[in-house]
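Below: the structure, in structure tokens.
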Amino acid sequence: MRFLAIISVLLFSKLAYTQGGLGMTLLKDVHQSSYLNPANIQEGEDLKIGLPIVSNVMFEGSSSEFQISDFLYPNSDSNYLMIDPQAVYQEVNTKANFQLGASYDWLSLSKNLNENLNLNFAIVERINISGSLPYNLLNLAATGNAGSLVGDNIGFESLDAEFLWYREYRIGLATKISDKINFGGAVKYLQGISSFQTISNSLNLKTEEDFFDLSLRGDFSYSTSNMNMITADSGISIFSKTPFWSTNHGVGVDLGLSFKMNEKTDFSLSLLDFGTINWKNRTQNFESNFDTLSFSGLNLLELFSADSNVANLDAGSFNTDSVFNLLEIESSPSSYSTSLPFSILMSFNYQLSEKSSLSGVLRSRKFQSFWATAVQIAYLREVSESLTIGGSYSAGTNGIFNLGFMGTYDLGPVQVYLVSDNIIGSFLPQNIRFWSTRAGINLKL
Amino acid sequence: MKPLKPILSILCLSLLFSCVRDYLNTDGPRLSNWPSNLGIPLIDTKLSASELVKTVDTEDLLEFDENGLIVLKYTGELASIEANAIANFPDTSAAFDVPGFVVVQSPISLTRPFGGSIPEGMKIEHMSLRSGEAFLKIESRFSEPGKVNVRIPALTSSGTAFDEEVDFEVGTSQNPSIHERVVDLNGYEFDFTLGTPAFNQFDFEIGLTMDNQLPGFLDSIKLEFGYRNLEFIFIDGDFGPQLVSLDQDSIYLDLFSKLISGDINFTDARLDIDIESSFGFPVDVEFTQLEVLELGSNQPIVWQASGPSGSFPNPFTILNPDVSQVGQTVNTNLFMDRRNSNIDQLVGTKPKWLFHQIRGIANADSNTAKDFMMDSSFFKVNTTMILPLTGEVNSIVLRDTIDFDLPFDEEASEIALRIGADNGFPIEGALKVVFYDELFQDSLILIDEKVFDAARTNAEGKAVSSSSNLSDPVEVVLSESQSKQILNLNKAVVDFSLTTKQGQEVSIFDTDEMRLRMGVKLGFE
């Protein structure tokens, strides 16, 4: 049930349109910024080491239409996670997109081989969850099938979800091609750990007016791999079951280009997470096999018949097998592939003074069923030799008023950094529609 | 303050997790409110007469006749009797003494009659034996040894007469020598016609032979002959009048036990009587009791063997196999209906018990032909109550009590029940549903009205076109207070009432069918 709760949070909440800490792009002195700008070459000849786990922890989430706490909230009386579609369905136009992400580094290293060449390496664990909730589904859950929807074909075509848990081993190289141009790239070997992906969905439901006959038409399919890695008897087991090795292989590429227009202004362009993972370990491809599933009421003859197999209407008695049988779902173990959530990121930086700069970032990210785009304006100031702080304003399709914070602090060989695109969301992520927080501790040797 | 900054950063992350922790530590998702308008299809059932018969007829009581008319059949056995109940032969023996002074020479011969134990009034001429034993027992007080021979010309096996010899030794009055010979009678046949009279008894010849000297004057010898465990295969003769059946029994008509009220008038009821007999003699049968006790009544309706078009014969003679049909069964078929009896009145109104008594007398008319029976012969009176579903139905009510538990625990602002049918049966239906609490104190009537009309019929009462209100179903709407009240009720008493149009006789055929629909709309504010 805990797993269901989490899936519900992910599917129904509307945390969506995460932008993964745009402010991180601007913290060029943090070597993990090269994950977003592969062309970045940090200053100095130190060997920068990202310690396991603590060096780069990132959580992000966004919802396109409403905040999670309006739709989903814990019930202190019953310990149930309450879903409240009536509170939000009117805020949704055609569908509500959501996205959640998390990552941390097992290890990262970065070293400038000379002033024109940076070599970096990292092992990063990533989890991405995205999906869409159609307005029709929310409207049905809120107003029911016997209200304004009676007699209509209620389509659920835009209902989809993707779960992606993988590990990347990246080797990056950034070089200064000329005084004005830096080019960088990273090649990533990917290990898929677990995956869930809706493949197709054309389901629609119709309720007839006289006696409320229900008919479900269409089909749907989805694929999974290694679902045992995230499910357990008592709930979810992400991270507690992190495998050392996986046979789901994939490759990915990050590319970056920086152009220095003048002493004060530079632009950069990044193409990130261009890659795929081929899933073949413990895969299951599920496909519905019914034309029309109709229910117009119980058959009294079956009720009276002693040997009939009358469905028990107690909702608590339904289980996975009975649902699968009802929907005639068939499964096959063939392999499948998924794409990484590809991003295009553009940024500029204008040096206001020796110690302050103004930056802008535009990022567009492709999830399974939608693009998420956001822009950010940031101001960064070097307060002292060891402390740099800044503020940001972000806007996107999921919100136009997001105040962020970023900062680095050097304490000898130790570097601490924190980036948040929405300060409030760092503490109350359920009460906003957009949040991203990244923090870590690095060593400089 | 500077060293505190990284600590604060970590603290921030901790706060973040604490905020979402409640979201993850739950028992699962649940809708906070029911959808504001929920429509649920409840019942969609196509009831054809043939399917209905298969479903409710767990005892195979319902059939279709050649015209497709549904016929309710109750089959029972009114009386039966087997051969050994009429004719059986208890163990029998006869003994006599031969004094020594009679034996004046050796050998000597004696002839004695032997009469078996035969049922009263029966004159048996021939008997073939399946099993049994004959025995010859000797108690000798002769002072000399010898032998005894018994020969029975009337008892033969494959044409050879029974002929047995037994040696005896010297005995005294205080210490007789005892000898016994037992003979298996399997395969033997009696021919009692060789004796006088020519039935039920036979002569047996005794020969006494001394080995050496004659016995003493005061010596004696006791001879005992008899049979035991006698079972026959076949007997014939003149069996005379015999009472073969006087059973009293009843048939329980279970289908009507669930009727709460109302009645059904079957207009074409019939009782088929099928009598099987393999006895070689006629039997006169008489119904001495035939009556029905209705549900809830203690006044039986008594059968009368006369109707508007004749009378049912009472008593009547059943057929029997003749000598050329030994071992065969001959059937006698009779029936009673409303033309020759008042049987329709007996079964016309929700009967529950049918009581009957029948008396059968063999050779009641002093039959002169030779009677016979085999050990497997039997006599059986079977009855089949045939009730074609033709007649008039007057508000019969089928009732059931259902425990229910509403799947929602909040007050519905509206509960609207829709009921409709496309009815091809020539009977209209009404529904009454009353909800009660556990103690049957608080109640709420959900519906009490006609929910579908009868199909239109032809002159013979057969449905020819259905009557439908599916496009305009009966709708029952509970008020807000009633919707609130129903949350506290958990039992439903459902009365389903059926009736035909007044004075109209209708018939139910296998082609009759209906579609019953029900749906409910729940509104939540």
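The values are calculated or read from the model by the stated rules, or taken from the named source; none is laboratory data. Computed from a predicted structure; not experimentally measured. Positions of Cβ are backbone-derived with ideal geometry, glycine not excepted, and every protein chain shown enters the neighbour counts. What goes into the accessible areas is simple: the full protein's heavy atoms, side chains included, and nothing from ligands, DNA or RNA. Shrake-Rupley method; radii C 1.70, N 1.55, O 1.52, S 1.80 Å.
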Handout entry: the range A:160-180 - residue that is over 16 Å from the mean Cα position of the chain (by Cα) and hydrophobic (A, V, I, L, M, F, W, C) and, of those, surrounded by the fewest Cβ atoms within 10 Å (Cβ to Cβ)
Key = A:Ile177
Practice task
Would you mind finding the one in A:Ile7, A:Ile83, A:Ile53 that is β-branched (Val, Ile, Thr), on the phi > 0 side of the Ramachandran plot and either open to solvent by 40 Å² or more (accessible area, probe 1.4 Å) or modelled with pLDDT under 85 (or both)?
Solution key: A:Ile53
Handout entry: Filter pass, A:Asp105 being open to solvent by less than 10 Å² (accessible area, probe 1.4 Å) and of a type in the set (D, E, K, R)
Key = yes
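Being loosely packed, with under 14 Cβ neighbours inside 10 Å and charged (D, E, K, R) is the filter here; which residues of the range B:204-222 pass it? Can you show your working first?
So the first thing to find is which residues in the range B:204-222 are loosely packed, with under 14 Cβ neighbours inside 10 Å, and the list is B:211-213, B:217-218.
Answer for the range B:204-222, where residues must be loosely packed, with under 14 Cβ neighbours inside 10 Å and charged (D, E, K, R): just B:Asp211.
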Practice task
Might you check whether a residue that is more than 51 Å from the chain's Cα centre (by Cα), surrounded by 14 or more Cβ atoms within 10 Å (Cβ to Cβ) and among the polar types (S, T, N, Q) occurs anywhere in the range B:156-174?
Solution key: no
Fill in the blank from the handout: Restricting attention to the range B:80-98, the residues that are farther than 13 Å from B:Lys137 by Cα and open to solvent by 30 Å² or more (accessible area, probe 1.4 Å) number exactly 7
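Matching residues to (1) crowded, with 17+ Cβ neighbours inside 10 Å; (2) modelled with pLDDT of 80 or more; (3) of a type outside the set (Val, Ile, Thr):
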{"site": "B:Met1", "(1), (2), (3)": "no, no, yes"}
{"site": "B:Leu4", "(1), (2), (3)": "no, no, yes"}
{"site": "B:Arg21", "(1), (2), (3)": "no, no, yes"}
{"site": "B:Gly28", "(1), (2), (3)": "no, no, yes"}
{"site": "B:Val53", "(1), (2), (3)": "yes, no, no"}
{"site": "B:Thr58", "(1), (2), (3)": "no, no, no"}
{"site": "B:Leu61", "(1), (2), (3)": "yes, no, yes"}
{"site": "B:Leu78", "(1), (2), (3)": "yes, no, yes"}
{"site": "B:Val103", "(1), (2), (3)": "yes, yes, no"}
Handout entry: Leading residue by the ranking (most open to solvent (accessible area, probe 1.4 Å)) among those in the range B:105-116 that are within 23 Å of B:Pro145 (Cα to Cα) and part of a loop (DSSP other than H, G, I, E, B)
Key = B:Gln105
Exercise for the section: Determine if the range A:404-411 includes at least one residue that is touching a residue at least 40 places away in the same chain (Cβ under 8 Å), assigned to a strand (DSSP E or B) and more than 14 Å from chain B (Cβ to nearest Cβ). Expected result: no
Handout entry: Neighbours by Cβ (under 6 Å, 6+ apart or cross-chain): first from the range B:458-476, surrounded by 17 or more Cβ atoms within 10 Å (Cβ to Cβ); second among the hydroxyl-bearing types (Ser, Thr, Tyr) and in a strand (DSSP E or B)
Key = B:Gly461/B:Ser507; B:Lys462/B:Ser507; B:Ala463/B:Thr457
Handout entry: Single residue of the range A:128-156 satisfying the filter (within 14 Å of another protein chain (Cβ to nearest Cβ) and of a type in the set (Gly, Ala, Ser)) that is most open to solvent (accessible area, probe 1.4 Å)
Key = A:Ser148
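So which strands (runs of 3 or more DSSP E) are wholly in the range B:190-277 and hold at least 3 residues that are at positive phi and modelled with pLDDT under 90?
Details: elements: B:201-210, B:220-238, B:242-252, B:263-266, B:270-277.
No strands (runs of 3 or more DSSP E) qualify here.
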Handout entry: Residue ID - nearest to A:Asp266 (Cα to Cα), chosen from residues in the range A:334-348 that are open to solvent by 20 Å² or more (accessible area, probe 1.4 Å) and either touching a helix residue (DSSP H, G or I) at 6+ places or on another chain (Cβ under 7 Å) or not aromatic (Phe, Trp, Tyr) (or both)
Key = A:Met346
Practice task
Output yes when any residue across the range A:422-433 is polar (S, T, N, Q), under 22 Å from A:Arg126 (Cβ atoms), open to solvent by less than 30 Å² (accessible area, probe 1.4 Å) and at pLDDT 90 or above, and no when none is.
Solution key: no
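Determine, yes or no, whether A:Gly172 is small (Gly, Ala, Ser), within 23 Å of A:Ser294 (Cα to Cα) and either touching a Pro at 6+ places or on another chain (Cβ under 8 Å) or within 12 Å of another protein chain (Cβ to nearest Cβ) (or both).
In short, no.
Taking the stated definitions as given, is A:Phe71 closer than 24 Å to A:Ile423 by Cα and within 14 Å of another protein chain (Cβ to nearest Cβ)?
Numbers: closer than 24 Å to A:Ile423 by Cα: yes; within 14 Å of another protein chain (Cβ to nearest Cβ): yes.
Here the answer is yes, as A:Phe71 does meet what is asked.
Where residues in the range A:282-312 are modelled with pLDDT under 70 and open to solvent by less than 80 Å² (accessible area, probe 1.4 Å), which of them is nearest to A:Asn204 (Cα to Cα)? Outline the logic, then answer.
So the first thing to find is which residues in the range A:282-312 are modelled with pLDDT under 70, and the list is A:303-312.
So of that shortlist, the ones also open to solvent by less than 80 Å² (accessible area, probe 1.4 Å) come out as A:305, A:308, A:310-311.
Working: A:Ser305: 33, A:Ser308: 30, A:Val310: 26, A:Ala311: 23 Å.
Restricting to residues being modelled with pLDDT under 70 and open to solvent by less than 80 Å² (accessible area, probe 1.4 Å), the top hit is A:Ala311.
Is it the case that the range B:479-486 has a residue that's more than 14 Å from chain A (Cβ to nearest Cβ) and of a type in the set (Lys, Arg)? Working first, answer last.
First, pick out the residues of the range B:479-486 that are more than 14 Å from chain A (Cβ to nearest Cβ): B:479-486.
With of a type in the set (Lys, Arg) added as a condition, the list becomes B:484.
Yes; the residues of the range B:479-486 include at least one that is more than 14 Å from chain A (Cβ to nearest Cβ) and of a type in the set (Lys, Arg).
So which strands (runs of 3 or more DSSP E) stay within the range B:469-525 end to end and still have 1 or more residues that are farther than 18 Å from B:Gly420 by Cα?
Working: elements: B:474-478, B:491-499, B:513-523.
Those strands (runs of 3 or more DSSP E) span B:491-499, B:513-523.
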Handout entry: Residue in the range A:356-376 that is open to solvent by less than 70 Å² (accessible area, probe 1.4 Å), free of Cβ contacts under 8 Å to residues at least 12 places away in the same chain and out of contact with any Leu (no Cβ under 9 Å at 6 or more places or on another chain) present
Key = no
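Report whether or not A:Lys188 is touching a residue at least 12 places away in the same chain (Cβ under 8 Å) and within 30 Å of A:Ser268 (Cα to Cα). Explain how you work it out, then say what you get.
Numbers: touching a residue at least 12 places away in the same chain (Cβ under 8 Å): yes; within 30 Å of A:Ser268 (Cα to Cα): yes.
It is true that A:Lys188 is touching a residue at least 12 places away in the same chain (Cβ under 8 Å) and within 30 Å of A:Ser268 (Cα to Cα).
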Handout entry: Selection status of A:Tyr89, within 14 Å of chain B (Cβ to nearest Cβ), over 18 Å from A:Ala186 (Cβ atoms), surrounded by fewer than 22 Cβ atoms within 10 Å (Cβ to Cβ) and at pLDDT below 90
Key = no
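Might you check whether a residue that is open to solvent by 40 Å² or more (accessible area, probe 1.4 Å), within 30 Å of A:Asp29 (Cα to Cα), out of contact with any His (no Cβ under 6 Å at 6 or more places or on another chain) and at pLDDT 90 or above occurs anywhere in the range A:120-127?
Yes: one or more hits.
Go through the residues of the range B:310-327 one by one and say whether even a single one is in a loop (DSSP other than H, G, I, E, B), surrounded by 15 or more Cβ atoms within 10 Å (Cβ to Cβ) and touching a residue at least 60 places away in the same chain (Cβ under 8 Å). If you could, list the steps in order and put the result at the bottom.
Just the residues of the range B:310-327 that are in a loop (DSSP other than H, G, I, E, B), to begin with: B:312-315, B:319-322, B:326-327.
Okay, now just the ones that are also surrounded by 15 or more Cβ atoms within 10 Å (Cβ to Cβ), so B:312, B:314-315, B:320-321, B:326.
Remaining after also requiring touching a residue at least 60 places away in the same chain (Cβ under 8 Å): B:326.
Yes; the residues of the range B:310-327 include at least one that is in a loop (DSSP other than H, G, I, E, B), surrounded by 15 or more Cβ atoms within 10 Å (Cβ to Cβ) and touching a residue at least 60 places away in the same chain (Cβ under 8 Å).
Please enumerate the residues belonging to the range B:175-195 that are farther than 16 Å from B:Ala134 by Cβ, touching a residue at least 24 places away in the same chain (Cβ under 8 Å) and open to solvent by 40 Å² or more (accessible area, probe 1.4 Å). First the steps, then the outcome.
The first filter runs over the range B:175-195 and keeps only residues farther than 16 Å from B:Ala134 by Cβ, leaving B:175-178, B:193-195.
Checking which are touching a residue at least 24 places away in the same chain (Cβ under 8 Å) leaves us with B:176-178, B:193-195.
Passing the criteria: B:Ile178, B:Thr193, B:Leu194.
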